[in-house]
Amino acid sequence: MENVVLIIHLLLAVGLIAVVLLQRSEGGGLGMGGGGGGGVMSGRAAATALGKVTWILAAAFIVTSILLTIIAAEKSAGTSVIDRLGNAPAVEEPDTSAPDLPAGQDLLPPAEGDNAPLVPRAD
């Protein structure tokens, strides 16, 4: 269902872009006037027909946007990112504590160089 609505949504978006680009510029915002020219339909009638198609496509686009939001909300109902983080497996940290020594036994400093390990003192 989600894929069908998504494909319709994408087709509406492409159609809406095409219809908006086909419309004649009335404001001359970029300094370009709309092309005059007569024809079967006058300039005002074409603007009205394209305007109606634009409104219909825009309304359908909004409806599919809301449907996609509802479908996405139903899929994730009851879960959040925080909930999913709580279920993640715990990462085990390496044991960096000192080795277990009998009571009263200390560690001696390395006998040779800095790379030698600490060794228990034999008394």
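Where a number appears in this text, it was derived from the coordinates with a stated rule and is not lab data. Predicted model only: the values in this text are computed from it and were never measured. Here the Cβ positions follow ideal geometry from the backbone for every residue, glycine too, while neighbour counts run over all protein chains shown.
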Taking H as built 1.01 Å from N, whose amide H comes closer than 5 Å to the amide H of residue 23, not counting residues under 5 places away?
none
Ascending count of other beta-carbon atoms within 10 Å, so fewest first, for 64, 48:
48, 64
